[in-house]
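Read the structure below first, then the notes.
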């Protein structure tokens, strides 16, 4: 069994996408490969087929590997609830809610679990592509590290360090990272990668030689800056603010926005522009407003209220289409109750009143994979639920969706709601636009209202597979893949 670990000089330097690329390259070369990130911090999460929660970055990496995503790929997930607190997910289930200091003090108790579980993976796969978090040079965290050099040491993995040249200062960041590593950690680093390069490589080459002289470690290659129709790396999202196509979809960028990938499938529609609103001035006159998921529904609703965006949404809903997803769905209702203070100390908050539903937050989190239908439209839907609250239908409210399958079991119950005029709707289902049926129905409704010819949507998964192969080609042509195989102990790749 071989392994390689990709660490970075900082967050958002491209670790996740390079791990994705390597997973696809090794799969193409005939190896059984899996991604692995011991600890991830993200509000962008996913539910596996067995109802467990994991980070979305490892989901894309799983697809690149030709695997169904499983929680072992991301055994610890941290979901921030405030600047100093987070929910801790261990092996796909809620472990606790705690402060940053409390989690820092408990990290070492997971060390044996991580080591034991990793040893099982070593028996199941030819190659494990590991991802670090943030930077290995966070010297204040070194004594309790379980995700960077601490994890690499635990399983004896060689390390490649990635630097982002697009941000500037890449040579200083790589050299500075090596300077702050302990001697035994430096020995573990086998090479560096320069990521997100724009320009003439010949101008860069002297700098690469000088860097190698300074840190005594080779550069394995320079990866160009590129744009592909793939999910953004956690924390590295470029939230578009421009209208770039005839159909203007405006997503409210909530302070605690989660699962921003829910709107990614809309971006593959050639006449659809997806932009993100952060202020009242940016609202404009969109064709569709989407209120996405959030880790703190109440605080984000109050933010919309203070900023004037809530009033703009309510006024817009008199003529325009509004869709709420998860927390956004809850906001559209008449009332949100938090009797156990799951989110805040406020026990009750009035909603926007655009849907006649009431939400009550419970202690237990709902995590399910579902298949569903909109019966009267014969539309098939699939996706997943991650929420703490449950909605009840008040007088006159109409369900939107019928859930037909939950975590592989046949069921029959309602989800979501829609108003009388059918222009305001909401659902708990994340990934609701990924399937063709619902996305095509919504976009064609918008096309009709603008006098644009209806079109057939394309399968999101097919686009993703093609883009993953493009990614692999870019990275394979940019890096010394033979050298990477060599440091993993594989003499020659297929």
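Residues in segment 408-417: is at least one in contact (Cβ under 8 Å) with a residue 60 or more places away in the chain and under 25 Å from residue 257 (Cβ atoms)? Looking for residues that are in contact (Cβ under 8 Å) with a residue 60 or more places away in the chain and under 25 Å from residue 257 (Cβ atoms), one finds at least one in segment 408-417, hence yes. Taking each residue of segment 466-494 that is on the phi > 0 side of the Ramachandran plot and looking for partners that are modelled with pLDDT of 95 or more with beta-carbon atoms closer than 7 Å, six or more apart or interchain, yields 489/2.
Does residue 221 fit the bill of being exposed (fewer than 12 other Cβ atoms within 10 Å of the Cβ) and either closer than 24 Å to residue 4 by Cβ or within 29 Å of the chain's Cα centre (by Cα) (or both)? Spelling it out, it is not the case that residue 221 is exposed (fewer than 12 other Cβ atoms within 10 Å of the Cβ) and either closer than 24 Å to residue 4 by Cβ or within 29 Å of the chain's Cα centre (by Cα) (or both).
For segment 424-460, a residue qualifies if it is without any contact (Cβ under 8 Å) to a residue 40 or more places away in the chain, under 25 Å from residue 227 (Cα atoms) and assigned by TED's automatic domain parsing to the domain that holds residue 367, and the qualifying residues are 436, 440. Would you point out the residue of segment 1-19, among those that are within 13 Å of the chain's Cα centre (by Cα) and in a helix (DSSP H, G or I), that is surrounded by the most Cβ atoms within 10 Å (Cβ to Cβ)? Here the answer is 16.
Residue by residue, here is whether (1) surrounded by 15 or more Cβ atoms within 10 Å (Cβ to Cβ); (2) within 24 Å of residue 387 (Cβ to Cβ); (3) out of contact with any strand residue (DSSP E or B) (no Cβ under 8 Å at 6 or more places or on another chain); (4) modelled with pLDDT under 95 holds:
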site	(1), (2), (3), (4)
418	yes, yes, no, no
429	yes, yes, no, no
433	yes, yes, yes, no
436	yes, no, yes, no
439	yes, yes, yes, no
444	yes, no, yes, no
462	no, no, yes, no
471	yes, no, yes, no
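Screening residue 32 with (1) in contact (Cβ under 8 Å) with a residue 40 or more places away in the chain; (2) buried (at least 19 other Cβ atoms within 10 Å of the Cβ) gives one miss only, at (2).
Of the residues making up segment 60-86, those that are within 22 Å of residue 134 (Cβ to Cβ), in contact with a strand residue (DSSP E or B) (Cβ under 8 Å, 6 or more places away or on another chain) and without any contact (Cβ under 8 Å) to a residue 24 or more places away in the chain are 71, 84, 85. Counting just the residues of segment 125-134 that are within 10 Å of residue 11 (Cα to Cα) and in contact with a helix residue (DSSP H, G or I) (Cβ under 9 Å, 6 or more places away or on another chain), which one comes out surrounded by the most Cβ atoms within 10 Å (Cβ to Cβ)? It comes out as 133. Within the span defined as segment 88-108, one or more residues are crowded, with 21+ Cβ neighbours inside 10 Å, under 21 Å from the mean Cα position of the chain (by Cα) and in a strand (DSSP E or B). Within this structure, residue 372 fails the test of being closer than 18 Å to residue 333 by Cβ and surrounded by 21 or more Cβ atoms within 10 Å (Cβ to Cβ).
Out of 202, 112, one residue alone is under 30 Å from residue 66 (Cα atoms), modelled with pLDDT of 95 or more and surrounded by fewer than 17 Cβ atoms within 10 Å (Cβ to Cβ). It is 112.
Residue-level check: of (1) surrounded by fewer than 20 Cβ atoms within 10 Å (Cβ to Cβ); (2) in a loop (DSSP other than H, G, I, E, B), residue 137 misses just (1). Between 216, 196, 190, the distinction of being without any contact (Cβ under 8 Å) to a residue 12 or more places away in the chain, within 30 Å of residue 22 (Cβ to Cβ) and outside the structural domain of residue 323 (by TED's automatic domain parsing) belongs to 216 only. Summed over segment 254-281, the residues that are within 21 Å of residue 298 (Cα to Cα) and under 15 Å from the mean Cα position of the chain (by Cα) give a count of 6. Might you check whether a residue that is within 19 Å of residue 430 (Cβ to Cβ), in contact with a strand residue (DSSP E or B) (Cβ under 6 Å, 6 or more places away or on another chain) and modelled with pLDDT of 95 or more occurs anywhere in segment 340-350? Among the residues of segment 340-350, not one is within 19 Å of residue 430 (Cβ to Cβ), in contact with a strand residue (DSSP E or B) (Cβ under 6 Å, 6 or more places away or on another chain) and modelled with pLDDT of 95 or more, which makes the answer no.
The values are calculated or read from the model by the stated rules, or taken from the named source; none is laboratory data. Given the structure is predicted, the values throughout are model-derived calculations rather than measurements. No Cβ is skipped: glycine too gets one built from the backbone with ideal geometry, and neighbour counts run over all protein chains shown.
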